[in-house]
Protein chains: 2
Amino acid sequence: MADYSNKEAQIAGYAKALAHPARVAIIQLLLKKQACICGAIVEELPLSQSTVSQHLKELKLAGLIKGDITGVKTCYCIDKAAWNKAKKLLTGLFSIPLINENCC
Amino acid sequence: MADYSNKEAQIAGYAKALAHPARVAIIQLLLKKQACICGAIVEELPLSQSTVSQHLKELKLAGLIKGDITGVKTCYCIDKAAWNKAKKLLTGLFSIPLINENCC
DNA sequence: AATATTAATCGTAGTTTTACGATTAATAAA
DNA sequence: TTTATTAATCGTAAAACTACGATTAATATT
């Protein structure tokens, strides 16, 4: 009956950012530094440039990445602070002990 | 250019299941066993019975929970195997070392 | 047998997401 | 200065998501 907690909303927010394979792929590319320039990311994905741009925008909106424009190119990278926060929240959820003494 | 990997799709799938605060709340309730019967879950959320049922269905579809009907009531609980798989995939993503020697 | 309870499903409306091509703005190269 | 490159944004269409009330099917209770 009560409203959601801040934590729940934040977890959901970060989960939402990772709720598309393209965005998971982008994050992995950035983590492993196999790509960083927008154009290179586009080449790695089976999507059009505009669609990839949209996914990058969503990741940026969620705070997980930031973009750095230099000249005509844009370099993206993980936002360390936000990434660590997401990690903390998500791993926190998964580390709740699961003792199955339930009905099913 | 190539297609997504299985792993990426699975991560995205589990993330999607957690991409709504109501579903995060449900998972937490089940983990902490503060609720289990559908009706009790409904009482804990600021949503109608039908909407909660829909969220439960999505979590079931993602494999994270299972429902056990006994009489007129339904008891839900975490699917241990799937939950552990999700945990492994998500924590795996978050445990990729983040060395920021990038452009930004 | 009639009524109540529980939870799934149906129908529906509004919103959001996803995807694309086309366009634009900015910088780089010729 | 003209042309090319890069990436964001716009416009748009289709699909998916979210929410609700109403209905339904099943079991419990009276």
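Here are a few things to note about the model shown:
- Projecting the Cα atoms of A:LEU47, A:GLY71, A:THR91 onto the dipole axis of segment A:9-104, where Lys and Arg carry +1 and Asp and Glu carry -1 at the beta carbon, places A:GLY71 farthest toward the positive end.
- Relative to the longest principal axis of the Cα atoms of chain A, helix A:49-61 runs at roughly 50 degrees.
- In chain B, the longest principal axis of the Cα atoms and the axis of helix B:6-17 are about 40 degrees apart.
- Acute angle (nearest 10 degrees) that the helix A:80-94 long axis makes with the longest principal axis of chain A, alpha-carbon atoms: 30
- Å² of accessible area per residue within segment B:7-90, as computed with a 1.4 Å probe and no ligands counted: 47
- Square roots of 5 times each gyration tensor eigenvalue, C-alpha, the protein assembly as shown, largest first, Å: 35, 15, 15
- When the solvent-accessible area of chain A is split by element, carbon and sulfur atoms take up 52 percent of it, the probe being 1.4 Å.
- Other-chain or far-sequence residues with amide H under 5 Å of B:ILE65's (modelled H): B:LYS60, B:ASP79
- Value of [θ]222 nm, deg cm²/dmol, for chain A, DSSP H segments ≥ 4, -39500 (n - 2.57) each, nearest 500: -17000 deg cm²/dmol
- Amide H contacts for B:THR74 (H built 1.01 Å from N in the peptide plane; partners 5 or more residues away or on another chain; cut-off under 5 Å): B:CYS38, B:GLY39.
- Pairs with C-alpha atoms separated by more than 20 Å, drawn from the list B:LYS7/B:LYS88; A:LYS16/B:LYS73; B:LYS33/B:LYS60; A:LYS60/B:LYS16, are A:LYS16/B:LYS73.
- The share of alpha-carbon pairs in chain A lying farther apart than 15 Å comes to 66%.
- Test item: Cα-centred dipole of the protein assembly as shown, Lys/Arg +1 and Asp/Glu -1 on Cβ, debye: 320
The values are calculated or read from the model by the stated rules, or taken from the named source; none is laboratory data. As the structure is a computational prediction, the values presented were derived from the model and not from experiment. With ideal geometry, Cβ positions are generated from the backbone for all residues, glycine too; neighbour counts draw on all protein chains shown. Calculation scope for accessible area: heavy atoms of the full protein, side chains included, ligands and nucleic acids excluded. Shrake-Rupley method; radii C 1.70, N 1.55, O 1.52, S 1.80 Å.
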